[in-house]
1. Taking the stretch A:2-15, which residues are part of a loop (DSSP other than H, G, I, E, B) and either under 17 Å from A:Glu32 (Cβ atoms) or open to solvent by less than 40 Å² (accessible area, probe 1.4 Å) (or both)?
2. Are any residues in the stretch A:56-76 in contact (Cβ under 8 Å) with a residue 40 or more places away in the chain and not in a loop (DSSP other than H, G, I, E, B), and if so, which ones?
3. Which one is farthest from the other protein chains (Cβ to nearest Cβ), of the residues in the stretch B:19-64 that are aliphatic (A, V, I, L, M) and in contact (Cβ under 8 Å) with a residue 60 or more places away in the chain?
4. Among the residues of the stretch A:85-101, is any in contact (Cβ under 8 Å) with a residue 24 or more places away in the chain, within 17 Å of A:Leu11 (Cα to Cα) and not in a strand (DSSP E or B)?
5. Please work out if A:Ser26 is farther than 30 Å from B:Gln6 by Cα, in contact (Cβ under 8 Å) with a residue 40 or more places away in the chain and either more than 9 Å from every other protein chain (Cβ to nearest Cβ) or surrounded by 14 or more Cβ atoms within 10 Å (Cβ to Cβ) (or both).
6. Output yes when any residue across the stretch B:102-116 is in contact with a helix residue (DSSP H, G or I) (Cβ under 7 Å, 6 or more places away or on another chain), at pLDDT 95 or above and under 22 Å from A:Gln45 (Cα atoms), and no when none is.
7. Look through B:Ala67, B:Ala110 and report the one residue that is in a strand (DSSP E or B), of a type outside the set (S, T, N, Q) and open to solvent by 10 Å² or more (accessible area, probe 1.4 Å).
8. Among (1) more than 19 Å from A:Cys87 (Cβ to Cβ); (2) surrounded by 14 or more Cβ atoms within 10 Å (Cβ to Cβ); (3) not acidic (Asp, Glu), there is one condition B:Ser9 misses while meeting the rest; what is its number?
Amino acid sequence: AQRVTQPEKLLSVFKGAPVELKCNYSYSGSPELFWYVQYSRQRLQLLLRHISRESIKGFTADLNKGETSFHLKKPFAQEEDSAMYYCALSATNSGNTPLVFGKGTRLSVIA
Amino acid sequence: GAGVSQSPSNKVTEKGKDVELRCDPISGHTALYWYRQSLGQGLEFLIYFQGNSAPDKSGLPSDRFSAERTGGSVSTLTIQRTQQEDSAVYLCASNPLPGHSAKNIQYFGAGTRLSVL
């Protein structure tokens, strides 16, 4: 069975400090990993996906198959980064399969 | 419409009543998903549709929950005899055809906040 673990419910950092939101997964195949973000009073939206290898809003995430991790990182946190972050896994890369989500980490960036 | 649309945005009901939640996916998206978002529980998968059929209903928590999709478009999630533990935000998402470059990206609606008193 697939499982996504986000060990931190809440992460508070000061503005300008580095931030790392942890995500570990359990899946025997080759998953596709995502980070979704939900800002206050907005809908859940895709932040980034591992196959794109992009930096979005200064965030990056590298899939580490050896450690089964997909941690989200940003070198300098901004107040506007405060939001709920969800790591998610898709069990196939053929599309149209439900995502398995972690329980989320609330990031609070303090001015 | 530009995005996934859900209605109502808020629903307050009494325990024991039935409720219907509606989702209108992005035009042309073949797959549609229902999730439940509860405080501290993250997003819990309920059911997904490919076209009008539901290959995976494994997440429905009980037989009080059902969903249908007609015309490959709008979907309705029905909860019968609601209980207080059904209170949550119900999210709908859709994604495009396999083979599309964004095939595995799910686009979410704003959700329906259900409160069972």
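The values are calculated or read from the model by the stated rules, or taken from the named source; none is laboratory data. The shown structure was predicted, so the numbers you read here are calculated from the model rather than taken from an experiment. So basically every Cβ, Gly included, is an ideal-geometry build from the backbone, and we count neighbours across all protein chains shown. SASA here: full protein model, heavy atoms, side chains in, ligands and nucleic acids out. Shrake-Rupley method; radii C 1.70, N 1.55, O 1.52, S 1.80 Å.
1. Across the stretch A:2-15, the qualifying residues are A:Gln2, A:Gln6.
2. A:Ser69, A:Leu72, A:Lys73, A:Lys74
3. Among those residues, the one meeting the criterion is B:Val19.
4. No: zero hits.
5. Against the criterion (farther than 30 Å from B:Gln6 by Cα, in contact (Cβ under 8 Å) with a residue 40 or more places away in the chain and either more than 9 Å from every other protein chain (Cβ to nearest Cβ) or surrounded by 14 or more Cβ atoms within 10 Å (Cβ to Cβ) (or both)), A:Ser26 qualifies.
6. yes
7. Numbers: B:Ala110 fails: in a strand (DSSP E or B).
Going through B:Ala67, B:Ala110 in turn, the sole match is B:Ala67.
8. (2)
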